[in-house]
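Report on one structure; see the data block that follows.
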Amino acid sequence: MYVLSRNGVFIVLLVYVDDIVVTGNNIDEVDKIKAVLNSNFQIKDLGKLKYFLGIEVLYNKSGVCLNQRKYCLELLSEFGYLACKPIKTPIEQSYLITAKISKNLSVLKNITGFQKLVGKLIYLSLTRPDISYAVQFLSQFMHSPTEMHLQIALRLLRYLKSGPGCGLLFKKDDKLDLVGFVDSDWAKCLSTRKSVTARNRVLFLGLQVRQNIVPCVRQLVRLCGC
(Lines give C-alpha, C1' and ligand atoms only; values in the text may rest on other atoms or scores of the structure.)
Protein backbone atom coordinates (compact mmCIF):
# COMPACT_ATOMS: atom_id res chain seq x y z
CA MET A 1 0.00 0.00 0.00
CA TYR A 2 1.30 3.43 -1.00
CA VAL A 3 -0.01 6.66 0.52
CA LEU A 4 0.35 10.23 -0.75
CA SER A 5 -0.53 13.02 1.69
CA ARG A 6 0.47 16.48 0.51
CA ASN A 7 -1.14 19.94 0.52
CA GLY A 8 -4.53 18.59 1.59
CA VAL A 9 -4.47 15.83 -1.03
CA PHE A 10 -4.75 12.26 0.23
CA ILE A 11 -4.30 9.37 -2.22
CA VAL A 12 -4.09 5.65 -1.44
CA LEU A 13 -2.73 3.09 -3.91
CA LEU A 14 -3.26 -0.58 -3.00
CA VAL A 15 -1.44 -3.20 -5.08
CA TYR A 16 -1.89 -6.99 -4.96
CA VAL A 17 -0.08 -8.91 -7.74
CA ASP A 18 -1.73 -7.42 -10.88
CA ASP A 19 -4.74 -5.84 -9.17
CA ILE A 20 -4.61 -2.16 -8.22
CA VAL A 21 -7.05 -0.02 -6.24
CA VAL A 22 -6.68 3.76 -6.32
CA THR A 23 -8.75 6.14 -4.19
CA GLY A 24 -8.46 9.58 -2.65
CA ASN A 25 -10.11 12.90 -1.90
CA ASN A 26 -9.10 14.59 -5.17
CA ILE A 27 -10.40 13.18 -8.46
CA ASP A 28 -7.94 15.16 -10.59
CA GLU A 29 -4.95 13.78 -8.71
CA VAL A 30 -6.36 10.25 -8.93
CA ASP A 31 -6.69 10.64 -12.71
CA LYS A 32 -3.08 11.85 -12.92
CA ILE A 33 -1.85 8.77 -11.06
CA LYS A 34 -3.86 6.47 -13.32
CA ALA A 35 -2.42 8.22 -16.36
CA VAL A 36 1.14 7.71 -15.07
CA LEU A 37 0.47 4.04 -14.35
CA ASN A 38 -1.08 3.53 -17.78
CA SER A 39 1.89 5.11 -19.54
CA ASN A 40 4.31 2.77 -17.76
CA PHE A 41 2.36 -0.47 -17.33
CA GLN A 42 -0.62 -0.26 -19.73
CA ILE A 43 -3.30 -0.76 -17.12
CA LYS A 44 -7.04 -1.16 -17.74
CA ASP A 45 -9.45 1.05 -15.81
CA LEU A 46 -12.39 -1.09 -14.63
CA GLY A 47 -14.28 1.82 -13.08
CA LYS A 48 -15.71 1.80 -9.57
CA LEU A 49 -14.42 -0.90 -7.26
CA LYS A 50 -16.87 -3.81 -7.09
CA TYR A 51 -14.83 -6.84 -6.02
CA PHE A 52 -11.34 -7.17 -4.56
CA LEU A 53 -9.71 -10.19 -2.89
CA GLY A 54 -13.03 -11.81 -2.00
CA ILE A 55 -14.59 -8.58 -0.70
CA GLU A 56 -17.65 -7.24 -2.52
CA VAL A 57 -18.25 -3.49 -2.58
CA LEU A 58 -21.84 -2.25 -2.85
CA TYR A 59 -22.89 1.38 -3.23
CA ASN A 60 -26.18 2.98 -2.22
CA LYS A 61 -27.53 6.34 -1.12
CA SER A 62 -26.55 5.68 2.51
CA GLY A 63 -22.91 4.88 1.83
CA VAL A 64 -20.69 1.91 0.98
CA CYS A 65 -21.20 -1.69 2.09
CA LEU A 66 -18.42 -4.27 2.26
CA ASN A 67 -19.28 -7.95 2.45
CA GLN A 68 -17.83 -11.36 1.60
CA ARG A 69 -21.01 -13.14 0.54
CA LYS A 70 -19.43 -15.09 -2.33
CA TYR A 71 -16.45 -16.06 -0.15
CA CYS A 72 -18.76 -17.16 2.66
CA LEU A 73 -20.94 -19.31 0.38
CA GLU A 74 -17.84 -20.93 -1.13
CA LEU A 75 -16.61 -21.69 2.40
CA LEU A 76 -19.91 -23.32 3.32
CA SER A 77 -19.89 -25.35 0.11
CA GLU A 78 -16.28 -26.48 0.60
CA PHE A 79 -17.04 -27.97 4.02
CA GLY A 80 -20.46 -29.36 3.04
CA TYR A 81 -22.53 -26.90 5.08
CA LEU A 82 -24.31 -25.07 2.25
CA ALA A 83 -27.61 -26.81 3.04
CA CYS A 84 -27.19 -26.98 6.83
CA LYS A 85 -29.72 -25.76 9.37
CA PRO A 86 -28.76 -22.21 10.49
CA ILE A 87 -28.48 -21.11 14.12
CA LYS A 88 -28.71 -17.70 15.76
CA THR A 89 -25.48 -17.48 17.79
CA PRO A 90 -21.83 -17.92 16.66
CA ILE A 91 -20.66 -19.67 19.83
CA GLU A 92 -22.05 -21.07 23.05
CA GLN A 93 -21.42 -19.55 26.47
CA SER A 94 -17.91 -20.03 27.80
CA TYR A 95 -18.79 -22.27 30.74
CA LEU A 96 -20.63 -24.66 28.41
CA ILE A 97 -17.64 -24.79 26.05
CA THR A 98 -15.20 -25.39 28.89
CA ALA A 99 -17.31 -28.25 30.22
CA LYS A 100 -17.56 -29.91 26.81
CA ILE A 101 -13.86 -29.57 26.04
CA SER A 102 -12.88 -31.01 29.45
CA LYS A 103 -15.00 -34.11 28.74
CA ASN A 104 -13.47 -34.74 25.31
CA LEU A 105 -9.69 -34.19 25.22
CA SER A 106 -8.96 -36.46 22.26
CA VAL A 107 -6.56 -34.69 19.87
CA LEU A 108 -7.84 -34.08 16.36
CA LYS A 109 -6.22 -36.33 13.76
CA ASN A 110 -6.67 -34.00 10.78
CA ILE A 111 -5.04 -30.85 12.14
CA THR A 112 -4.45 -29.46 8.65
CA GLY A 113 -8.17 -29.39 7.87
CA PHE A 114 -8.90 -27.53 11.11
CA GLN A 115 -6.13 -25.01 10.44
CA LYS A 116 -7.45 -24.42 6.93
CA LEU A 117 -10.98 -23.80 8.22
CA VAL A 118 -9.87 -21.40 10.95
CA GLY A 119 -7.60 -19.57 8.50
CA LYS A 120 -10.54 -18.95 6.18
CA LEU A 121 -12.68 -17.82 9.11
CA ILE A 122 -9.98 -15.33 10.13
CA TYR A 123 -10.11 -13.76 6.67
CA LEU A 124 -13.91 -13.75 6.72
CA SER A 125 -13.90 -11.85 10.01
CA LEU A 126 -12.58 -8.79 8.14
CA THR A 127 -16.16 -7.88 7.29
CA ARG A 128 -17.85 -10.01 9.97
CA PRO A 129 -16.95 -8.60 13.41
CA ASP A 130 -19.78 -10.68 14.88
CA ILE A 131 -17.65 -13.82 14.56
CA SER A 132 -14.41 -12.24 15.86
CA TYR A 133 -14.69 -13.68 19.37
CA ALA A 134 -15.41 -17.22 18.17
CA VAL A 135 -12.59 -17.07 15.62
CA GLN A 136 -9.99 -15.78 18.08
CA PHE A 137 -11.03 -18.51 20.53
CA LEU A 138 -10.48 -21.21 17.89
CA SER A 139 -7.20 -19.68 16.72
CA GLN A 140 -5.69 -20.33 20.16
CA PHE A 141 -5.74 -24.06 19.42
CA MET A 142 -4.34 -24.10 15.88
CA HIS A 143 -1.52 -26.49 16.77
CA SER A 144 -3.31 -28.76 19.26
CA PRO A 145 -7.05 -28.84 18.47
CA THR A 146 -9.40 -31.45 19.87
CA GLU A 147 -12.53 -32.97 18.40
CA MET A 148 -14.62 -30.46 20.36
CA HIS A 149 -12.74 -27.51 18.83
CA LEU A 150 -13.65 -28.83 15.40
CA GLN A 151 -17.30 -29.09 16.44
CA ILE A 152 -17.21 -25.48 17.63
CA ALA A 153 -15.77 -24.39 14.28
CA LEU A 154 -18.40 -26.33 12.34
CA ARG A 155 -21.11 -24.83 14.54
CA LEU A 156 -19.83 -21.41 13.50
CA LEU A 157 -20.48 -22.38 9.88
CA ARG A 158 -24.13 -22.98 10.77
CA TYR A 159 -24.27 -19.44 12.16
CA LEU A 160 -22.79 -18.06 8.93
CA LYS A 161 -25.49 -19.87 6.98
CA SER A 162 -28.09 -17.63 8.67
CA GLY A 163 -26.69 -14.51 6.97
CA PRO A 164 -23.89 -15.03 4.43
CA GLY A 165 -24.40 -11.54 2.98
CA CYS A 166 -23.88 -9.63 6.21
CA GLY A 167 -21.10 -7.06 6.17
CA LEU A 168 -19.97 -3.58 7.12
CA LEU A 169 -21.85 -0.42 6.14
CA PHE A 170 -19.89 2.84 6.04
CA LYS A 171 -22.46 5.62 6.02
CA LYS A 172 -21.92 9.00 4.41
CA ASP A 173 -21.06 11.18 7.37
CA ASP A 174 -18.72 14.04 7.96
CA LYS A 175 -17.74 12.58 11.32
CA LEU A 176 -15.56 9.47 11.37
CA ASP A 177 -14.88 9.24 15.10
CA LEU A 178 -13.76 5.82 16.29
CA VAL A 179 -15.57 4.94 19.53
CA GLY A 180 -14.80 1.78 21.48
CA PHE A 181 -16.40 -0.10 24.38
CA VAL A 182 -14.73 -2.88 26.34
CA ASP A 183 -15.95 -5.33 28.94
CA SER A 184 -13.56 -4.97 31.86
CA ASP A 185 -13.11 -8.25 33.71
CA TRP A 186 -10.54 -10.42 35.46
CA ALA A 187 -9.87 -14.14 35.14
CA LYS A 188 -12.67 -14.48 32.58
CA CYS A 189 -11.20 -17.50 30.83
CA LEU A 190 -12.24 -20.60 32.76
CA SER A 191 -9.36 -22.62 31.35
CA THR A 192 -6.40 -20.30 31.99
CA ARG A 193 -7.95 -17.85 34.50
CA LYS A 194 -6.50 -14.99 32.48
CA SER A 195 -8.18 -11.72 31.61
CA VAL A 196 -9.72 -11.61 28.13
CA THR A 197 -10.63 -7.93 28.28
CA ALA A 198 -9.00 -7.20 24.92
CA ARG A 199 -11.22 -9.77 23.22
CA ASN A 200 -14.54 -8.41 24.47
CA ARG A 201 -14.76 -5.14 22.62
CA VAL A 202 -17.14 -3.25 20.37
CA LEU A 203 -15.97 -0.54 17.98
CA PHE A 204 -18.08 2.03 16.14
CA LEU A 205 -16.80 4.17 13.25
CA GLY A 206 -18.66 7.33 12.31
CA LEU A 207 -21.34 6.92 14.96
CA GLN A 208 -22.68 9.68 17.16
CA VAL A 209 -22.82 7.86 20.48
CA ARG A 210 -25.56 8.88 22.89
CA GLN A 211 -26.19 7.82 26.47
CA ASN A 212 -28.99 5.44 25.57
CA ILE A 213 -26.63 3.29 23.48
CA VAL A 214 -24.38 2.39 26.42
CA PRO A 215 -26.75 -0.19 28.03
CA CYS A 216 -27.25 -1.78 24.61
CA VAL A 217 -23.50 -2.00 24.05
CA ARG A 218 -22.96 -3.60 27.45
CA GLN A 219 -25.56 -6.22 26.63
CA LEU A 220 -23.95 -6.81 23.22
CA VAL A 221 -20.52 -7.25 24.79
CA ARG A 222 -21.91 -9.82 27.22
CA LEU A 223 -23.52 -11.77 24.38
CA CYS A 224 -20.50 -11.66 22.06
CA GLY A 225 -17.98 -12.20 24.82
CA CYS A 226 -19.90 -15.11 26.31
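Ignoring ligands, DNA and RNA, please state the percent of accessible area on the stretch 49-90 from carbon and sulfur, probe 1.4 Å. Mind showing how you got there, number by number?
Working: 1640 of 2640 Å².
For the stretch 49-90, the apolar C and S fraction of the accessible surface comes to 62 percent.
Checked against a 30 Å cut-off, the cross-linked pairs Lys48/Lys120; Lys44/Lys70; Lys34/Lys171; Lys116/Lys172; Lys48/Lys70 give Cα-Cα distances beyond that limit for Lys116/Lys172.
Compute the signed sum of charges (Lys and Arg +1, Asp and Glu -1) over the other residues within less than 14 Å, Cβ to Cβ, of Glu78. Spell out each step's value before the answer.
Numbers: positive: Lys70, Lys116, Lys120, Lys161; negative: Glu74.
Summing Lys/Arg as +1 and Asp/Glu as -1 gives +3.
When a 1.4 Å probe is rolled over the protein heavy atoms, the share of accessible surface on the stretch 104-166 that falls to carbon and sulfur comes to 59 percent. Each of Val12 and Asp45 was given a label point 7 Å from its Cα along the Cα-to-Cβ line. The distance between the two points is 2.1 nm. The label-point distance for Glu78 and Ile33, in a model that sets each label 7 Å from Cα toward Cβ, rounds to 3.1 nm.
The values are calculated or read from the model by the stated rules, or taken from the named source; none is laboratory data. All of these numbers come straight from a predicted model, not from anything done at the bench. Note that we place each Cβ from the backbone using ideal geometry, even for glycine, and neighbour counts take in every protein chain shown. Keep in mind that these areas ignore ligands, DNA and RNA; they rest on the heavy atoms of the full protein, side chains included. Shrake-Rupley method; radii C 1.70, N 1.55, O 1.52, S 1.80 Å.
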